[in-house]
Structure formats: structure tokens, C-alpha cells
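J.: What follows is a single structure, and I will ask about it in a moment.
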Amino acid sequence: MSEVDERWLLVSVTTAGAASSLRMHVWRKLKGLGALYLQQSVCLLPERPAVAAAVAELGERVLADGGRMRVVHIEVADEGERRELAGEMTATVDREYAEVLERLPSFFSELARESGRGRAIFAEVEESEADLEGFRSWVAKIESRDYFDAPRGDLVRAELVRAGETLAAFATAALAGEDADGATPSG
């Protein structure tokens, strides 16, 4: 685990009396930042510039929509407590990385299946590119809240590189197949 922050943001949000959509927006935004909930409507986040800016922006939205939000800057002096907090956050992120690793084999299987059928065609390349972009986007969101270098992060990144290389080989086969069919325009 990387260096654990001493400074944290303690965030408390009240949406009572505000639009019902605000509660969901707040929950999604804080979860997206990787917030560690201590109890309902009270969470912790490491105090980092990007996190503090996102929390401040959320605070403006909460206030504008009729809710209340309090952000208290705290210092967690006890190293053991800091490590425990970071460990909880890291475990959550690592489970998210594990889910990506569970789903990536289907991407590789699909490419292998289509190659085996001789179906390395442009439409399949486009579909696989969209799938890979979905994985990359998903991992980018996880990485944005991976404050303490979750163990599976490097493996996920390596698998995404391998997926890109596998897709590039599939696309090359599709191009070669379409060239052989005379389907591509000559330049």
C-alpha cells in the first residue's frame, strides 16, 4: 500500500426536504469518488486536490438543490487507524478490479470464437472495439478512486494492454480478409 494520507475530508450530507433525485446524485457522486461511509450520510475521503474540488462542487449542487452538506477537514493522527481506513477503501477497489478480471475472459473468448469461425470482419472489429472501450472506461473510473494502489490494479492494466494487442491482431486479420475479398477500396 502506498503512503497513507493523514488529512481526510469528513463529509456529512442532508437531503431532507430537497428533490428526491438529489439523494441519488449525492450517493452516486460520493461512491464514484470512493467514499468510505462511516454511517448513513457521513463518509470519509482522502484530502487530495481533485477530491476536495469534486466535493466542493457537489456541495454547491447540494446547497442549490435545497440540501445541506458539511465538509470537515480532519487529521487522522494514528497511523494504524489511517492504514485501516485505507485498507477498507483499497479492499473495495480491489473487489471492483476483480470483477473486471472476471469479465475480461469473455472478451478474449469472443475474439477467439469469431476468429475460429473465420468471422474476423469489420463489423466484429467495431463491436469488439466498443467492448474494449467499455472496459477501459470502467477501469478508468476504478483507478480514479484507487488512492492506495489496490493489489489487482497492475494486473488489470496488463490485461487491458493484452486485450488491445489481441484486438489489434483480430483487426489485422479482418483487414486481410476484406482485402482478399476485394471489399476495401484501393488508395
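The values are calculated or read from the model by the stated rules, or taken from the named source; none is laboratory data. All values reported here derive from a predicted model rather than from experimental measurement. So basically every Cβ, Gly included, is an ideal-geometry build from the backbone, and we count neighbours across all protein chains shown. Ligands, DNA and RNA are stripped out before the accessible areas are found, and what is left, the full protein with its side chains, is counted by its heavy atoms. Shrake-Rupley method; radii C 1.70, N 1.55, O 1.52, S 1.80 Å.
J.: Output the number of the condition that GLU124 fails; it satisfies all remaining conditions of (1) in a helix (DSSP H, G or I); (2) open to solvent by 60 Å² or more (accessible area, probe 1.4 Å); (3) at pLDDT below 95.
T.: (2)
J.: Another question about this same structure. Of the residues ALA168, ALA180, ALA174, ALA163, which single one is over 30 Å from ALA54 (Cα atoms), open to solvent by less than 60 Å² (accessible area, probe 1.4 Å) and at pLDDT below 90? I'd like the intermediate steps shown before the answer.
T.: Values: ALA168 fails: at pLDDT below 90; ALA180 fails: open to solvent by less than 60 Å² (accessible area, probe 1.4 Å); ALA163 fails: at pLDDT below 90.
Sole residue among the options that is over 30 Å from ALA54 (Cα atoms), open to solvent by less than 60 Å² (accessible area, probe 1.4 Å) and at pLDDT below 90: ALA174.
J.: Filtering region 54-95 down to residues that are part of a helix (DSSP H, G or I), aliphatic (A, V, I, L, M) and open to solvent by 60 Å² or more (accessible area, probe 1.4 Å), which residue is nearest to LEU30 (Cα to Cα)? Explain how you work it out, then say what you get.
T.: Taking region 54-95 and keeping what is part of a helix (DSSP H, G or I), we get 54-64, 79-95.
Filter once more, keeping what is aliphatic (A, V, I, L, M): 54-56, 58, 62-64, 85-86, 89, 91, 93.
Keeping just the survivors that are open to solvent by 60 Å² or more (accessible area, probe 1.4 Å) gives 63-64.
Numbers: LEU63: 16, ALA64: 17 Å.
My answer is LEU63.
J.: With respect to ALA64, determine if the residue is without any contact (Cβ under 8 Å) to a residue 40 or more places away in the chain and out of contact with any Ser or Thr (no Cβ under 6 Å at 6 or more places or on another chain). Steps first, please.
T.: On the way: without any contact (Cβ under 8 Å) to a residue 40 or more places away in the chain: yes; out of contact with any Ser or Thr (no Cβ under 6 Å at 6 or more places or on another chain): yes.
So ALA64 fits the description; yes.
J.: Is there any pair with a first residue in region 88-100 that is over 9 Å from ARG145 (Cβ atoms) and a second that is at pLDDT below 95 and open to solvent by 40 Å² or more (accessible area, probe 1.4 Å) whose Cβ atoms are under 7 Å apart and which are 6 or more apart or on different chains, and what are they?
T.: Sorted first by the residue in region 88-100, then by its partner, the pairs are THR90/MET1.
J.: LYS31 passes all but one of (1) within 30 Å of ALA158 (Cα to Cα); (2) surrounded by 15 or more Cβ atoms within 10 Å (Cβ to Cβ); which number fails?
T.: LYS31 satisfies every listed condition except (2).
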